[in-house]
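The values are calculated or read from the model by the stated rules, or taken from the named source; none is laboratory data. If you're wondering where the values come from, they're calculated on a predicted model, not measured in any experiment. Every residue, glycine among them, receives a Cβ derived from its backbone with ideal geometry; neighbour counts consider all protein chains shown. Each accessible area value is taken on the protein alone, full model and side chains, heavy atoms only, with ligands, DNA and RNA left out. Shrake-Rupley method; radii C 1.70, N 1.55, O 1.52, S 1.80 Å.
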Amino acid sequence: MTTSRSLVLGGGGVTGIGWETGLIAGLADRGIRLSEADRIIGTSAGSSVAATLTSGIQANDAYHAQIADRGSERAARLGISNLARFLGPQLLPASDQTIARRIGSAALRAKTVSEAERREIIARRVPCADWPDTDLRITAINASTGERRVFSKDSLLATGGVSLVDAVAASCAVPTVWPPVTIGTHRYIDGGSLSATNADLAAGCDVVVVLAPIAVSLRKRWSVAGQLAALGPGVRTLLITPNDAAKRAMGRNSLDPAFRAAAARAGKDQAAAVADAVGRLWS
């Protein structure tokens with residue numbers, strides 16, 4: 001009987017990208033190749049990591065790219081006003097779709113850099129423009145309707161397929177910080193606007209490993225723990241979050257690329273502590 005394995009890569013800014021990339025590289029050093037997952041789910045920062053992981057680039061090459069200079073990444077910050085427009089709707093009683101629509105509305109009104117400028121930055125993150133043969137799923141949210149959209153190689157619009165760059169850009173469009181991304185006739189915001197991992201998309205797999213730079217959530221149904229529990233008792237799961245050393249390395253601003261290299265090194269160091277648990281499950 002074949003065991004199906006899912007890797008869930010959660011959101012967490014550029015420092016989250018660094019930490020996840022370092023952790024994956026550290027595990028690969030020990031013979032544990034998470035790139036061999038049957039299904040990979042990427043949300044926000046995790047979508048960027050997923051695009052690299054499935055591109056054929058070796059894990060340590062991806063790691064060394066993270067510890068190099070900050071390159072074209074722009075520093076940003078979720079200030080008080082951004083947080084108010086982002087978290088405010090989450091505090092009000094409403095359906096998930098209504099909450100996401102309110103966040104999307106704020107994102108559509110916000111003044112940010114141009115969509116074209118942001119896309120150029122994302123395009124430099126994504127090593128290959130083509131979707132991989134791997135079952136890669138990338139999440140985003142329709143800014144106007146609040147509906148979650150899951151992009152994949154089979155995602156089709158009236159005008160044709162959704163490019164991998166556009167899917168990653170949409171998933172990384174932090175509301176009120178970066179511009180919503182236009183795909184077809186719709187505009188999309190960060191796939192982690194409600195759930196930082198969207199681990200429920202691993203349903204149907206026997207083994208699920210989650211790398212979650214951010215594991216907290218305002219509502220249980222959005223939390224990674226709640227979503228993993230809902231997969232059922234027969235599913236073997238493992239949740240990995242930054243340890244104390246990694247949290248210190250990642251700093252307080254996940255959108256500041258100045259902390260990316262330190263986050264990547266901390267992730268690689270943390271791999272030693274989790275390798276046995278991941279190895280037992282993954283093998």
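Taken as Cα centroids, segment 203-218 and segment 235-283 sit 14 Å apart, rounded to the nearest whole angstrom. Looking at the square roots a ≥ b ≥ c of the eigenvalues of the Cα gyration tensor of segment 50-185, which shape do they give, rounded for a/c under 1.5, prolate if a/b is larger than b/c, or oblate? Here segment 50-185 falls in the oblate category. Based on the convex hull around the alpha carbon atoms, the chain presents an average projected area of 13.8 nm². Seen against the Cα atoms of the chain and their longest principal axis, helix 13-29 is set at about 20 degrees.
Where the accessible area of segment 184-283 is counted over protein heavy atoms with a 1.4 Å probe, how much of it, in %, is carbon and sulfur? After summing per-atom areas, the C and S share lands at 53 percent.
Per-residue ellipticity at 222 nm for the chain, helices alone: DSSP H runs ≥ 4 residues times -39500 (n - 2.57), over residue total, nearest 500 deg cm²/dmol? Walk me through the intermediate numbers first.
Values: 10 runs with 113 residues, N = 283.
Using -39500 (n - 2.57) per qualifying helix, the result is -12000 deg cm²/dmol.
Dipole orientation for the chain: of the candidates Cys128, Ala25, Ala196, Ala196 has the Cα lying most toward the positive pole (charges on Cβ; Lys, Arg +1; Asp, Glu -1). Counting only Cβ charges, +1 for Lys and Arg and -1 for Asp and Glu, the dipole size of segment 88-156 around its Cα centre is about 360 debye.
Computed from phi, the 3J(HN,Hα) profile of segment 249-262 under the Karplus parametrisation 6.51, -1.76, 1.60 (θ = phi - 60°) reads 5, 6, x, 9, 10, 5, 9, 9, x, 5, 9, 5, 5, 4 Hz, with x in place of Gly and Pro.
Taking trypsin sites (Lys or Arg not before Pro) as exposed when DSSP calls them loop and at most 16 other C-beta atoms lie within 10 angstrom, the chain has its longest site-free stretch at 112-218.
Starting from the Kirkwood Rh over alpha-carbon pairs, what translational D in µm² s⁻¹ does segment 10-61 have by Stokes-Einstein at 10 °C and 1.306 mPa s? Don't skip to the end; give the middle numbers.
Numbers: Rh = 10.9 Å.
Estimated diffusion coefficient is 146 µm²/s.
Taking 1 over the mean of 1/r across every pair of different Cα atoms in segment 86-133, what Kirkwood radius in Å do you get? Mind showing how you got there, number by number?
Values: mean 1/r = 0.0746 Å⁻¹.
Final number for the Kirkwood radius of segment 86-133 is 13.4 Å.
Close amide-amide hydrogen proximity is noted between Asn243 and no other residue 5 or more places distant or on a separate chain, at a cut-off under 5 Å (H modeled in the peptide plane; Pro and chain starts excluded). Taken over the Cα atoms of segment 126-283, the convex hull encloses 146 Å³ per residue.
Taking a straight line from the alpha carbon of Lys153, these aspartates and glutamates sit under 13 Å away, with near neighbours fewer than eight places off in the same chain left out: Asp130, Asp133, Asp135, Asp166.
When only alpha carbons are used to place a centre, segment 25-48 and segment 115-134 end up 18 Å from one another.
Taking only protein heavy atoms and a 1.4 Å probe, the accessible area of segment 1-158 is 49% carbon and sulfur.
When ligands, DNA and RNA are left out and all protein chains stay put, how many square angstrom of accessible area per residue does segment 139-199 have with a 1.4 Å probe?
Values: 1940 Å² over 61 residues.
That works out to 32 Å² per residue.
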